[in-house]
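Novice: Take this structure, written in structure tokens, and hold onto it; I'll ask about it next.
The values are calculated or read from the model by the stated rules, or taken from the named source; none is laboratory data. A quick note: this is a predicted structure, and the numbers were derived from the prediction, not measured. Positions of Cβ are backbone-derived with ideal geometry, glycine not excepted, and every protein chain shown enters the neighbour counts. Quick note on the areas: whole protein, heavy atoms, side chains included, nothing else; ligands and nucleic acids left out. Shrake-Rupley method; radii C 1.70, N 1.55, O 1.52, S 1.80 Å.
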Amino acid sequence: MGATHLECTLCGKSYESEKLWRQSPCCEKPLYARYDLDTIGKTFRPNVLVGREPTLWRYAEVLPVREAENRLCLGEGYTPILDAPRLATQLGVRRVWVKDESQNPTGSFKARGLSLAAAGDMPAHVVVPKDTPKPIIDETRALGADLELIDGLITDAGKRVAEGAAKHGWFDLSTLKEPYRVEGKKTMGYEVFEQLGHLPDVIVYPTGGGTGLVGMWKAFDEMERMGWIGPERPRMVSVQSTGCAPIVRAWEQGVEFAEPWADPHTSAWGLRVPGAVGDFLMIRAIRASGGAAVAVTDEAMAEWVQKVGAAVGVFAAPEGGATAAAVPKLLESGVAGPDDEVVLFNTGSGLKYIVP
Ligand SMILES: *Cc1c(COP(=O)(O)O)cnc(C)c1O
């Protein structure tokens, strides 16, 4: 078990998996962990999952941590996928499920990546923009992190972390700047398949840095390689805010690398990411799947947070509201149709955004 090697996502060059890497030295692009899936797939079948612990570690065969004692777990993953018939009727599609990531330990899907990437009992330095919602700041402090607030955006926080890494020997865990957080996030793809027993027609995901969407895409490729599924894929939809939509713009222009978005603003904090390290990986997945990238306004997100709450009973983050808000646009453009089964990702809890 464990990865056989790491691979540059741009040029395919291999690197040792038992050495600590950040991005690929060849292209300065994300590295992906690769496994011997032909061998693993002989015994790791969907039916062996029955009865395993209800966390992302149920997929340990395709995760990079070899020793069980190093599998940190506060209960990350295996979140409910909620059948939402009333929301489906309102949206005008055959079936809708809400994959409720707000039920992760931190109230956000981000917990998945950190279950893979952080080692226990180590100091954590966290840098966030100073206007980050107070519940997130308080929670970070309460969990013992050394928190630094900066005047700027997530990309400025990233620069500060890179400086700290060079100066103090910290390991930079920023999105897609190291190979393992995406491994935790890919488990969302395994879960959707395991929980539904098949893949839906459309998956709608709010994207910032892109790890959630590209992680699931990686999972589907692994599942095909192991013979769990055939070549079919859900249409992958990236949703962004009209106030910060670098991927949507790149998608519309037909390019793979997104220019940074000037002056980004949105109330959906997870989407206030002016430039995504995984831009080309997102755009390739969207294109290969017949999906799309769409932008919705912050007002539409808020409206759909309300509607999802009333129809499903889930208090969604604005990012979760954004996924529902995108569906009418997908129907209009023909990317989704009335006969489709759609999975909406509520990536975080609305409680994180309450302004005291
Ligand atoms: C970070 C975040 C996102 C964006 O996720 P990426 O994987 O970086 O694209 C979406 N929603 C919430 C609530 C987030 O915190």
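Novice: Expressed in nm to one decimal, what extension gain is obtained for the pair residue 4 and residue 137 from 0.36 nm per residue of sequence separation less their Cα-Cα distance?
Specialist: Numbers: separation 133, 0.36 × 133 = 47.88 nm, distance 3.76 nm.
My answer for the length gained is 44.1 nm.
Novice: So, one more: Within the chain, which whole H helices from DSSP have a Cα span along their axis of at least 18 Å and a mean Kyte-Doolittle hydropathy of -0.5 or more, if any?
Specialist: Counting only whole DSSP H runs, the qualifying helices are 211-225, 298-312, 318-333.
Novice: From the residues 59, 330, 89, which one has its Cα farthest along the dipole of the chain in the positive direction, the dipole being from +1 and -1 charges on Cβ of Lys/Arg and Asp/Glu about the Cα centre?
Specialist: 59
Novice: Search the structure for amide H atoms under 5 Å from the amide H of residue 292, placed 1.01 Å from N in the peptide plane, and list their residues when 5 or more places away or on another chain.
Specialist: 236, 237, 238
Novice: Short version: ³J(HN,Hα) in whole Hz for each residue of region 229-245, in order, from phi by Karplus 6.51 cos²θ - 1.76 cosθ + 1.60 (θ = phi - 60°), x for Gly and Pro, what are they?
Specialist: 9, x, x, 5, 9, x, 5, 9, 10, 8, 10, 10, 8, 4, x, 6, 10
Novice: Next question. Rounded if a/c is under 1.5, else prolate if a/b beats b/c, else oblate: with a ≥ b ≥ c from the C-alpha gyration tensor eigenvalues square-rooted, which is the chain?
Specialist: In terms of gyration-tensor shape, rounded.
Novice: Tell me whether region 246-347 comes out rounded, prolate or oblate; compute the Cα gyration tensor, take square roots of the eigenvalues as a ≥ b ≥ c, and use a/c under 1.5 as the rounded threshold. Could the numbers behind the result be given before it?
Specialist: Values: a/c = 2.14, a/b = 1.28, b/c = 1.67.
It is oblate, given that a/c is not under 1.5 and a/b is not larger than b/c.
Novice: Output the relative contact order of region 77-116, whole-number percent, from Cα pairs under 8 angstrom with separation of 6+ residues.
Specialist: On the way: 43 pairs, mean separation 15.3, N = 40.
Once normalised by length, the contact order is 38 percent.
Novice: Send over a whole-number figure in Å² for the accessible area per residue of the chain, probe 1.4 Å.
Specialist: Working: 15060 Å² over 356 residues.
Computed with neighbouring chains in place, this is 42 Å² per residue.
Novice: Can you give the accessible area of residue 163 in Å² (nearest 10), computed on protein heavy atoms with a 1.4 Å probe?
Specialist: Using a 1.4 Å probe on the heavy atoms, I get roughly 110 Å².
Novice: Pairs to check: 99/186; 218/329; 110/134; 99/159; 110/159. Give those whose C-alpha atoms are more than 23 Å from each other in this structure.
Specialist: Numbers: 99/186 14 Å; 218/329 26 Å; 110/134 17 Å; 99/159 32 Å; 110/159 20 Å.
Over 23 Å apart, Cα to Cα: 218/329; 99/159.
Novice: Probe 1.4 Å, all protein chains in place: accessible area of residue 266 in Å², nearest 10?
Specialist: Only protein atoms counted, so the area is about 20 Å².
Novice: If you build a Gaussian network model of the chain, linking Cα atoms that sit under 10 Å apart, which residue out of 142, 250, 310 swings the most?
Specialist: 142
Novice: Of the options 348, 234, 2, report the single residue whose Cα projects farthest towards the positive end of the charge dipole of the chain (beta-carbon charges: Lys, Arg +1; Asp, Glu -1).
Specialist: Comparing the listed Cα positions along the dipole, 2 ranks first.
Novice: Hey, if we sort 259, 101 by accessible area with the 1.4 Å probe, largest down, what's the order? Can you show the working numbers first?
Specialist: Details: 259 125, 101 0 Å².
Solvent-accessible surface, decreasing: 259, 101.
Novice: Pull out the extension gain between residue 265 and residue 89, defined as 0.36 nm times the separation in residues minus the alpha carbon to alpha carbon distance; nm, one decimal.
Specialist: Gain on extension, residue 265 to residue 89, equals 60.2 nm.
Novice: Let me ask you something else. Using a 1.4 Å probe on the protein heavy atoms, what percent of the accessible area of region 1-110 belongs to carbon and sulfur? Could the numbers behind the result be given before it?
Specialist: Values: 2790 of 5530 Å².
Here carbon and sulfur together make up 51 percent of the probe-accessible area.
Novice: Now a separate question. If each DSSP helix of 4+ residues adds -39,500 (n - 2.57) and the sum is divided by the residues in the chain, what number results at 222 nm, nearest 500 deg cm²/dmol? Spell out each step's value before the answer.
Specialist: Values: 11 runs with 127 residues, N = 356.
Helices in the chain give a 222 nm mean residue ellipticity of -11000 deg cm²/dmol.
Novice: Per-residue counts of other Cβ atoms within 10 Å, averaged by peptide: what ranking do you get for 203-209, 60-66, 188-194, highest first? Before the final figure, lay out the partial values.
Specialist: On the way: 203-209: 28.6, 60-66: 19.4, 188-194: 22.7.
Result, highest mean Cβ count within 10 Å first: 203-209, 188-194, 60-66.
Novice: To continue, here is another question. Ignoring any ligand, DNA or RNA, what whole percent of the accessible area of region 112-207 comes from carbon and sulfur when the probe is 1.4 angstrom? Please list the in-between numbers first.
Specialist: Values: 2330 of 4160 Å².
So the carbon and sulfur contribution to the accessible surface is 56 percent.
Novice: At 0.36 nm per residue, minus the direct Cα-Cα distance, what do residue 168 and residue 257 gain on full extension? Give it in nm, one decimal, please.
Specialist: Taking 0.36 nm per residue and subtracting the Cα distance, the gain is 28.9 nm.
Novice: Starting from the amide H of residue 127, placed 1.01 Å from N in the peptide plane, find each other amide H under 5 Å away whose residue is 5 or more places distant or on another chain.
Specialist: Amide H neighbours of residue 127: 148.
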